[in-house]
Amino acid sequence: MPALEIIQIPCLSDNYCVLIHAPATGETAAIDAPAADTIKAALSRNNWRLTHILTTHHHNDHTGANMALKAYYGCQIWGPETEADRIPGLDVTVNEQSKLVFAGHPINVIATPGHTLGHIAYVLPDDKLAFTGDTLFALGCGRIFEGVPETMWRSLSKLAALPSDTTVYCGHEYTLSNGRFALSIEPENEALKMRMIEVERLRAAGLPTLPTTIAAELATNPFLRTNSPAIRARLGMESAEDWQVFAQLRALKNKA
Ligand code: ZN
Ligand code: FE
């Protein structure tokens, strides 16, 4: 399979839409659709035509441009079956059993409830790509709006178990504030300190800090490091379950 071309488009205040383009077939998919004009401009700059929208969850900052883009391109919209009634223009409902293919590239669906109950991630195993929406962020994770902490913890664990060299694209540019929280939890983590120097540099230059990798997140994202003795000691939770450590981290981040 020839490689996919990938573009990350900043939309709204801090969202990303990611375009994946298959030169072999001319197909182009958008992962989430925050802003129609911004996405159209990026497509036309590249002479690409939108054929698919892959929706991660129903929130308006991920689906708000669905109808405008569908009207303009006639693209097909995929999204989680349990949020079907809340996703504008949905054509194909998907779940973990779906056998999806985009331009010859297999796509796996991973159910990642917690941020919303139907939230899904899209994984292209042959391309070692994952699109994690508002579940896993660089150095952080999404807020838990519809699930409970244990649910979100299990969802993040599924993503953490992907091959460590998987490239990860996320729904938002939250890395700087996530990283400041991470440093407050694990100030002695050398990999985190080094990463934050780079994050500060990129943001000062107005550049994205994404994509990331599973390996980088395992080394620096506190929400994937609930078994770290240093984090557990800091929280006074040496013998707690992982999901309980996670719940405490999420509660602290909400207040940060
Ligand atoms: Zn969201
Ligand atoms: Fe969002």
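Readers should treat all values here as calculations from the given coordinates under stated rules, not as data from a laboratory. This is a predicted model, so every value here is computed, not measured. In this analysis, Cβ positions are derived from the backbone assuming ideal geometry, glycine residues included, and neighbour counts consider all displayed protein chains.
Below is a table of values for the structure above.
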{"quantity": "Exposure proxy order (Cβ contacts within 10 Å, fewest to most) of 4, 176", "calculated": "176, 4"}
{"quantity": "Kirkwood Rh, angstrom, the range 1-152 [1 / mean 1/r, Cα pairs]", "calculated": "15.4"}
{"quantity": "Over the chain, volume per residue of the alpha carbon convex hull, in Å³", "calculated": "118"}
{"quantity": "Pairwise centroid distance, computed over Cα atoms, of the range 42-61 with the range 136-200, Å", "calculated": "24"}
{"quantity": "At 1.002 mPa s and 20 °C, Stokes D of the range 52-112 from Kirkwood alpha-carbon radius, µm² per second", "calculated": "180"}
{"quantity": "Neighbour-count ranking [beta-carbon atoms within 10 angstrom, fewest first] of 183, 12", "calculated": "12, 183"}
{"quantity": "Fewest-first sequence of 169, 174 by Cβ atoms within 10 Å of each Cβ", "calculated": "174, 169"}
{"quantity": "Value of [θ]222 nm, deg cm²/dmol, for the chain, DSSP H segments ≥ 4, -39500 (n - 2.57) each, nearest 500", "calculated": "-10000 deg cm²/dmol"}
{"quantity": "If the convex hull is drawn through the Cα atoms of the range 105-256, its volume per residue in Å³", "calculated": "101"}
{"quantity": "Size of electric dipole in the range 188-236: Cβ of Lys, Arg +1 and of Asp, Glu -1, about Cα centre, debye, nearest 20", "calculated": "120"}
{"quantity": "Max mean-square fluctuation residue, GNM over the chain, Cα-Cα springs under 10 Å, options 90, 159, 218", "calculated": "218"}
{"quantity": "Spatially close lysines, pair count over the range 5-169: Cα under 27 Å, gap of eight or more or interchain", "calculated": "6"}
